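Here's the structure we're looking at; comments come further down.
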Amino acid sequence: MKRDGALRALGLGLWGVVLLQSAVSGRLDLLLRAVFHPLVWGGGLVLLALAALELRWSARANGRLAPRQRAGLLLGCAAAVAVLLLPPRPSFADLSANRSRELLEEPALNFVLPPGQRSLTEWVRLLRSEPDPKLHNGDPVRISGFVLPVPGDRPQLARLLVRCCLVDATPVGLPVLWPAGQPVPKADQWLELRGVMASERFEDGLRSVVKPTLMRPIPRPERPLEP
Amino acid sequence: MNLERLATTWALFQALLVEAMPFLLIGVAISSLARWLSPGGAWVRKLPANPLLGPLTGAALGFALPACECGNVPVARRLLASGAPLATALGFLFAAPVLNPIVLASTWAAFPDQPWLLAARPLGALVIALALATLLGRLPEARLLTPALLEERRLSQPLSRVSLLERRSGLIGGGSAPEPPALPPRRPPLAEVLGHGSTEFLDLALLLVLGCAIAALVQTAVPRAWLLAVGGAPTLSIFSLMLLSLVVSVCSSVDAFLALGFAAQVTPGALLAFLLLGPVMDLKLVGLFGVLFQPRAILLTAVAAGLVVLLIGQWVNLVLL
């Protein structure tokens, strides 16, 4: 019976460590929108406290585990250890390939920053509300994102928008006039681009496109998901 | 599946898991608290048995005992075993996974810009619970409930309602001797409540792991074109999202967030169908329902729930499209 209590404490403790470690190590920034982080912190702390209580009170409790429950508990512990040992390393390009590329929310911006200060997402939202490329020609651009292959088109520079977690991530991207004579960057590569907004003919119309003057690889940002 | 896709699936799995686990913990904590505050359960036998009032009362219990559908199965089993009227217990089982504060809050968090969904989801869940409780209530209990549960339930029912043979206990020839007074309910020690709650949480955590693994696989394996191809077709989109909810088997406390991923690609009726069917029936629940119902009753539940959800989805598409 005491062993069952210790096993329950181990299971609770492991899941508590999984939640806390996700928060401490910065994994959450890759998995969940920041508004949900306190829930994960709280959940982890409560689970650790419950594990300590379970360990202390297990001798007094009379909840004996059935063999099937014990096997399930061990399986759960193994899953928790796997989550602890194997950090998430998603391919944003691969994830985006399976997602809708429509914005979830209203595309209009409440206010518009000066061109050089706009993020990639703000540029995409602005171009959806003001799609005429002539309005933006020559505007300075300074953005960062990952390289997203687009079927039937050049790769774009993109970001993932989330409202809850990686599961609902939606890609938004800007077309880029990649410098001629240089190999196009690999999918998933994070880049910082500086340049100007230009226009090009695309599918019987004009569209805005980023014309980079400076392009440098950067590591994936600590908080790669955007609200 | 290449390594890149495997890594993405693993990340999606972790995202779902760390997001859902605190919700699961909250559900188990509240149900453990309810068990501690209200031991015994003589009150459950006083719940209404009326075919309309029963399911509505059961559904309302979701606000007192909020949990996702996997957390509700053991609670519904306890209700049935304690002798609660069938209508109330079934109403709780089928409606409470949606009609509880946690699920309503998560639906609101996921779809703050779609007020119609915030009203349609609980209303739809009520309609499904009423329909299923009415249908399953017409079956004899011996054909509906598992033998072990039936035996436990009959022990909790007074002799005036079940015979000695059915109850398999009591004295033959004892005349109309009054039944011994029931023992006053004992509040379980905190250590016992903690042990039960811990076991329940860990059992459910394992099911959550399995559900998240399936959901992550589906997210990466099902091609976007598959959903997009049927997304605009009213009836087909409802069918495809119902199928998805069956396969994905994600808890009702997080399914709204999952639905966000394809909300823009499907019809409103299909979106609602996904949010309504999952909490009532999915692959994960089929196993859990085995502790309550006979296999034929589970099949009947699945078919009837699917039919009602299809009709609701069609009606929503007719109104909103």
About the Cα centre, charge dipole magnitude for the stretch A:2-89 (Lys/Arg +1, Asp/Glu -1 at Cβ), debye: 340 debye
For the protein assembly as shown, what is one quarter of the convex hull surface built on the Cα atoms, given in nm²? 27.9 nm²
Helix-only estimate, please: 222 nm mean residue ellipticity of the protein assembly as shown, summing -39500 (n - 2.57) across DSSP H runs of length 4 or more and dividing by its residues, to the nearest 500. -18500 deg cm²/dmol
Could you give log10 I(q)/I(0) at q = 0.12 Å⁻¹ for chain A, computed by the Debye formula over C-alpha point scatterers of equal weight, without solvent? -0.74
Lys/Arg Cβ at +1, Asp/Glu Cβ at -1, dipole of the protein assembly as shown taken about the Cα centre: which of B:L99, A:L48, B:L246 is farthest positive-ward? A:L48
Neighbourhood net charge (12 Å Cβ-Cβ; Lys/Arg +1, Asp/Glu -1) for A:C164: -1
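If eta is 0.890 mPa s and T is 25 °C, what Stokes-Einstein diffusion coefficient results for the stretch A:156-227, Kirkwood Rh from Cα pairs, in µm²/s?
Working: Rh = 13.8 Å.
The Stokes-Einstein estimate is 178 µm²/s.
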Dipole moment magnitude, nearest 20 debye, the protein assembly as shown about Cα centre, only Lys, Arg, Asp, Glu C-beta charged: 1340 debye
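Taking the stretch A:179-225, which GluC sites (Glu not before Pro) meet the DSSP loop condition and have no more than 12 other C-beta atoms within 10 Å?
Details: sites: A:E192, A:E200, A:E203, A:E222; in loops: A:E203, A:E222.
Of the GluC sites (Glu not before Pro), the ones in loops of the stretch A:179-225 whose Cβ has at most 12 other Cβ atoms within 10 Å are A:E203, A:E222.
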For a quick check: sort A:M215, B:M21 by the number of other beta carbons within 10 angstrom, fewest at the front. A:M215, B:M21
Most exposed first, judged by fewest Cβ atoms within 10 angstrom, B:F92, B:F239, B:F111 run B:F239, B:F111, B:F92
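Rank these for me by crowding, B:I214, B:I312, A:I218, going from fewest to most other beta carbons within 10 Å. It would help to have the intermediate numbers written out before the result.
Values: B:I214 18, B:I312 22, A:I218 12.
Ascending number of Cβ neighbours within 10 Å: A:I218, B:I214, B:I312.
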Roughly what angle does helix A:37-57 make with the longest principal axis of chain A, taking Cα atoms, 0 to 90 degrees, to the nearest 10? 10 degrees
Highest GNM mean-square fluctuation, chain A, Cα pairs closer than 10 Å: which of A:L74, A:L120, A:L12? A:L74
Applying the gyration tensor rule to the Cα atoms of the stretch A:93-226 (axes a ≥ b ≥ c; rounded if a/c under 1.5, else prolate if a/b exceeds b/c, else oblate), the class is rounded
Neighbouring partner chain Cβ atoms per residue of A:3-13, average, 10 Å criterion: 3
The Cα extents of the stretch B:94-146 along the principal axes, largest first and rounded to whole Å, are 46, 18, 11
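What are the semi-axes of the equivalent ellipsoid for the stretch A:2-89, taken as the square roots of 5 times the Cα gyration tensor eigenvalues, largest first, in whole Å? Numbers along the way, then the final one.
Details: eigenvalues 145, 45, 14 Å².
For the stretch A:2-89, the ellipsoid semi-axes come out as 27, 15, 8 Å.
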Can you run phi through the Karplus equation (6.51, -1.76, 1.60; θ = phi - 60°) for the stretch B:97-106 and list ³J(HN,Hα) in whole Hz, with x for Gly and Pro? x, 9, 7, 9, x, 5, 5, 5, 5, 5
Applying the Karplus parametrisation 6.51 cos²θ - 1.76 cosθ + 1.60 with θ = phi - 60° to the phi angles of the stretch A:141-153, what ³J(HN,Hα) value in whole Hz is obtained for each residue in order, glycine and proline being reported as x? 10, 9, 9, 9, x, 9, 7, 10, x, 10, x, x, 8
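None of the figures in this text is laboratory data; all of them are computed from the coordinates on show. Treat the numbers as computed from the prediction; the structure is a model and nothing was measured. Note: ideal-geometry Cβ built from the backbone for every residue, glycine included; neighbour counts use all protein chains shown.
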